[in-house]
Structure formats: C-alpha cells, structure tokens
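The values are calculated or read from the model by the stated rules, or taken from the named source; none is laboratory data. This is a predicted model, so every value here is computed, not measured. Glycine gets a Cβ as well: all are built from the backbone with ideal geometry, and neighbour counts include every protein chain shown. SASA here: full protein model, heavy atoms, side chains in, ligands and nucleic acids out. Shrake-Rupley method; radii C 1.70, N 1.55, O 1.52, S 1.80 Å.
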Amino acid sequence: GDVYKRQRQENRNMNEEIRQRTKWFMEDRFGMFIHWGLYSIPACGEWMMSQKEMTIEEYSKYFDQFDPVDMSAIFCNMVENAIESCVKCKQRVIQLKIRKEKGYVFIKMKNSCESVHQVGERMLSTKEDTFYHGFGLRNMQDVAQKYQGDLHCCFDQEHQLFITKIHLALPHVS
C-alpha cells in the first residue's frame, strides 16, 4: 500500500515537472515532426513495400536491422537539447540535415546556443535537475558505437552554435 502510494505521488510530481518544463513549448506552438521507419534502411521512402510490391518476407528482413529505440535515443535527445538551448537565445535556429552516402547515414544538427558547460572534452548538462538529466549525449554515443559510427559535438562560440554530428553504418541487408 505505502509503496504504491509513494510511487503514484512520485509519478504525479514527475508529470507536473514535465508539464512545467514543456509549458513554453505548448504556449509558443513550436512543432516538429520527424518521420522514420524500416524504410529508412534502404532509403526508399515510406511506401517502399507497396511501391516495390514486396512480400512480407522480403520486407521483414529489415526488422532485425532497425531498432526504433536507438533512433529515438538519437533524435529525441538531439531535438530536445536543441530546443532547450534555443529557448535561452535571442536568435533561435535549429538546422537538421540527414543524408545517406556510401553505406552510412550522416546526421548533423546545428542549433543556437549561448554557452556550454564543458569539462575537458566532455559536455555536461546545464539542466538544474541532474538526477533525471545528463544522459542524452552518452546515450547517443552508445547508439553511434553500436552502429559502428561516432558522435562529435562542438560549440562554435563565434556564431553561437552547438553542432552535433553523428554517422552510423547502415546495416547491409541482402
């Protein structure tokens, strides 16, 4: 009983914290839609199965090569970090480029940023609540390594931009 009540209260507190943290997002009517799925592997478009008249067996070979949790770790962390940084800036810019070349996917995001908290080569979270935050770049690095790629972040102080670059090896599906 007490454990259940305590957990419900913690969930309520966390939900309220999320509502407060994202209040500006709802009020400013900022929106972004990133659409990706199994068809991202061969880069043929979301109607690939229909247009190429693929059987379920032919299409299902991509299921083993695509982990939506990994892609969410990359895009959700990148976008959330960019938006939170832009909110603090007068000039708000977010630029996302994704391209496929020679068996790799290259993802590059530039966003407005006034400053970064850095210790040596390591970028640190500037969020007040460090218990629930500060894992995004590490998670993105882990995903990049899983796909034989890498993550590189830097701060361009002259142009006040935070730049994130990721490259991932595309799975080879025969």
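Just give me the residues in the range 74-90 being among the aliphatic types (A, V, I, L, M) and either under 8 Å from the mean Cα position of the chain (by Cα) or assigned to a loop (DSSP other than H, G, I, E, B) (or both), in sequence order. I74, M78, V79, listed by residue number.
Scanning the range 91-110 for residues that are free of Cβ contacts under 8 Å to residues at least 60 places away in the same chain, surrounded by fewer than 15 Cβ atoms within 10 Å (Cβ to Cβ) and assigned to a loop (DSSP other than H, G, I, E, B) gives a single hit, K102. Scanning the range 49-71 for residues that are open to solvent by 40 Å² or more (accessible area, probe 1.4 Å), over 29 Å from Q141 (Cα atoms) and in a loop (DSSP other than H, G, I, E, B) turns up K52, E53, T55. Is at least one residue of the range 111-122 in contact with a strand residue (DSSP E or B) (Cβ under 9 Å, 6 or more places away or on another chain), surrounded by 15 or more Cβ atoms within 10 Å (Cβ to Cβ), part of a strand (DSSP E or B) and modelled with pLDDT of 75 or more? Yes, the range 111-122 contains at least one residue that is in contact with a strand residue (DSSP E or B) (Cβ under 9 Å, 6 or more places away or on another chain), surrounded by 15 or more Cβ atoms within 10 Å (Cβ to Cβ), part of a strand (DSSP E or B) and modelled with pLDDT of 75 or more.
Suppose the filter is at pLDDT 85 or above and either hydroxyl-bearing (S, T, Y) or at positive phi (or both); does Q148 pass it? Step through it out loud before you land on a result.
Details: at pLDDT 85 or above: yes; either hydroxyl-bearing (S, T, Y) or at positive phi (or both): yes.
Yes, satisfied.
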